[in-house]
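The values are calculated or read from the model by the stated rules, or taken from the named source; none is laboratory data. As the structure is a computational prediction, the values presented were derived from the model and not from experiment. Counting neighbours? That spans all protein chains shown, and the Cβs are built from the backbone with ideal geometry, glycine included.
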Amino acid sequence: MKYGKVKNIRKELLSDNWYSLQKVTFEYQREDGQWETQVREAYDRGNGAAILLCNFDKKTVILTRQFRMPTYLNGNDDGMMVEVCAGILEKGNAEETIIMEVEEETGYTINKVEKVFESYMSPGSVTEILHFFVGHYDASMKLAEGGGAQDETENIEVLEMPFEQAEQMMQDGAIRDAKTIMLLQYAQIHKLFS
């Protein structure tokens, strides 16, 4: 039996203050063939990219720490999150964007990254696809302080730590960011530091 078709999509803009939030009303064909009207909200902030920066010789990674208001509102005591470097795509190019974000956030200038997978991060309400990368860094690539773009009010602390410490932080709940957990687990599964 055919199902899962969508028709009569109607969108109502609820907010475009930061990104766009739309109320979407549509008809959806159920598994039994019947059509039903559904209403959802969809937040469109664009697509993004994230990277785990690795020094395979030293067995270290570069992570960041910054304040995230939504986590603070949902019980994260100080609102601080330890994360991989990430950003919203500029001009739709994930590779160029992540190389630029690495320099802005960490001060490292890299020129080669490997895309390892992509994922919808919260498909029930957010349209974003996140492109995941792994890249190598070493001390010679550190050309600036990092800390984020001046015009984006990012107060980013750059953290270099042994991969084992990052794994332990994930186990202890000190790292609770999904994109960071996904990339650390990718490194575990693929034995990047073995």
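A few notes on this one:
- When we screen Glu31, Glu27 for residues that are touching a residue at least 12 places away in the same chain (Cβ under 8 Å) and either surrounded by 11 or more Cβ atoms within 10 Å (Cβ to Cβ) or of a type in the set (S, T, N, Q) (or both), the only hit is Glu27.
- Residue that is nearest to the chain's Cα centre (by Cα), among those in the stretch 10-49 that are among the hydrophobic types (A, V, I, L, M, F, W, C) and farther than 16 Å from Thr127 by Cα: Phe26
- Candidates Glu104, Glu90: the one that is in a loop (DSSP other than H, G, I, E, B) and surrounded by 13 or more Cβ atoms within 10 Å (Cβ to Cβ) is Glu90.
- The stretch 80-98, residues that are in contact with a helix residue (DSSP H, G or I) (Cβ under 8 Å, 6 or more places away or on another chain), without any contact (Cβ under 8 Å) to a residue 40 or more places away in the chain and of a type in the set (A, V, I, L, M, F, W, C): Cys85
- Residues that are surrounded by fewer than 20 Cβ atoms within 10 Å (Cβ to Cβ), not aromatic (Phe, Trp, Tyr) and not in a loop (DSSP other than H, G, I, E, B) within the stretch 61-80 comprise Arg65, Gln66, Met69, Pro70, Thr71, Leu73, Met80, listed in sequence order.
- Matching residues in the stretch 166-184 - criterion: being part of a helix (DSSP H, G or I) and surrounded by fewer than 17 Cβ atoms within 10 Å (Cβ to Cβ): Gln168, Gln171, Asp172, Ala178, Ile181
- Scanning the stretch 80-120 for residues that are aromatic (Phe, Trp, Tyr) and either outside the structural domain of Tyr137 (by TED's automatic domain parsing) or touching a Cys at 6+ places or on another chain (Cβ under 7 Å) (or both) yields a total of 0.
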